[in-house]
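Take a look at the structure below.
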Amino acid sequence: MSRLPTLNTSFQKRHQMKNIIITGTSRGIGFELAQMFANNNYNVLALSRNTNSITALQHKNITAIATDLSVKTDLEKVRDYVSSNWKQVDIIIHNAGMLVNKPFTELTSEDYLKVYQVNVFGVAELTSAMIPFLSKGSHVVTISSMGGIQGSLKFPGLAAYSSSKGAVITLSELLAEEYKEQGISFNVLALGAVQTEMLEEAFAGYQAPTSAKEMASYIFDFSLTGNRFYNGKVLQVSSTNP
């Protein structure tokens with residue numbers, strides 16, 4: 001009796017559960033995103049310096065790795081996990097962010113370095129480490145800010161933060177061009193004000209028009225389908241100016 005052909009096991013696994021890496025998952029948008037993907041049957045690798053909140057979820061689809069994006073050995077842990085367990089990464093969401101709110105003349109080189117290490121260098125280093133696991137159809141989404149958009153209204157005190165968010169936009173545009181032949185898409189979402197703990201810490205009492213969960217829902221949908229329509233693009237996601 002002839003046997004019906006069966007799908008290769010690795011093919012089945014790859015198409016049943018996509019593999020998602022999200023940074024900055026200890027709170028805010030990243031925390032909400034990790035849950036959305038996991039609850040929709042995706043494998044999630046949640047990266048943040050503090051993993052207590054994400055580990056407490058005890059979700060079978062979430063693996064948390066304590067990661068400082070500026071530390072080489074931490075990035076090696078991420079690469080080793082992916083190499084041993086996944087082999088392929090379908091989506092990376094660079095969500096981790098650092099914000100310093102100081103008058104320009106009070107900013108130090110250390111302030112700039114601290115912000116850029118997370119918002120720019122961390123994005124570059126993690127992407128570089130994951131390039132061997134990205135393939136045709138993979139989507140890298142970087143969360144930037146309206147503050148990094150040329151011509152947008154700027155807030156005093158955010159020279160380090162907004163300039164870093166502008167830098168990561170250019171980085172993503174370049175990577176989209178460099179890896180277009182491999183079919184890897186790079187896009188940026190420049191967000192307006194979102195009610196997160198980071199916003200509250202920087203601007204106490206300010207009420208943003210969008211919640212972390214609402215924005216996470218938008219990013220969730222975009223990361224899954226946006227690369228069908230965009231590559232190397234910056235989408236402004238804001239209901240206000242900025």
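Can you pull out every residue in segment 56-89 that is among the polar types (S, T, N, Q) and within 21 Å of Val140 (Cβ to Cβ)? Don't jump to the end; show me each part of the working.
Applying the first criterion (among the polar types (S, T, N, Q)) to segment 56-89 yields 58, 61, 63, 67, 70, 73, 83-85, 88.
Hits for segment 56-89 are Asn61, Thr63, Thr67, Ser70, Ser83, Asn85, Gln88.
Yes or no, residue by residue, for (1) among the polar types (S, T, N, Q); (2) surrounded by fewer than 17 Cβ atoms within 10 Å (Cβ to Cβ); (3) modelled with pLDDT of 55 or more:
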| site | (1), (2), (3) |
| --- | --- |
| Glu197 | no, yes, yes |
| Ala202 | no, yes, no |
| Gln207 | yes, yes, yes |
| Thr210 | yes, no, yes |
| Asp221 | no, yes, yes |
| Asn227 | yes, no, yes |
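All but one of (1) within 16 Å of the chain's Cα centre (by Cα); (2) open to solvent by 40 Å² or more (accessible area, probe 1.4 Å) hold for Gly166; which doesn't?
So the condition that Gly166 fails would be (2).
So for segment 44-61 (the condition being free of Cβ contacts under 8 Å to residues at least 12 places away in the same chain and at positive phi), does at least one residue qualify?
Yes, some residue in segment 44-61 is free of Cβ contacts under 8 Å to residues at least 12 places away in the same chain and at positive phi.
Are there any pairs, at least 6 apart or on different chains, whose C-beta atoms fall under 7 Å, with the first in segment 107-133 and charged (D, E, K, R) and the second in a helix (DSSP H, G or I), and if so, which?
Asp111/Ala160; Glu125/Leu75
Taking Met215 as meeting all but one of (1) at pLDDT below 90; (2) assigned to a loop (DSSP other than H, G, I, E, B); (3) in contact with a strand residue (DSSP E or B) (Cβ under 8 Å, 6 or more places away or on another chain), write down the number of the exception.
Only one criterion in (1) at pLDDT below 90; (2) assigned to a loop (DSSP other than H, G, I, E, B); (3) in contact with a strand residue (DSSP E or B) (Cβ under 8 Å, 6 or more places away or on another chain) is unmet by Met215, namely (2).
The values are calculated or read from the model by the stated rules, or taken from the named source; none is laboratory data. Worth saying up front: this structure is predicted, and the values here are computed from it rather than measured. Neighbour counts are summed over all protein chains in view; Cβ atoms, including those assigned to glycine, are modelled from backbone coordinates with ideal geometry. The accessibility values were calculated without ligands, DNA or RNA, using every heavy atom of the protein model including side chains. Shrake-Rupley method; radii C 1.70, N 1.55, O 1.52, S 1.80 Å.
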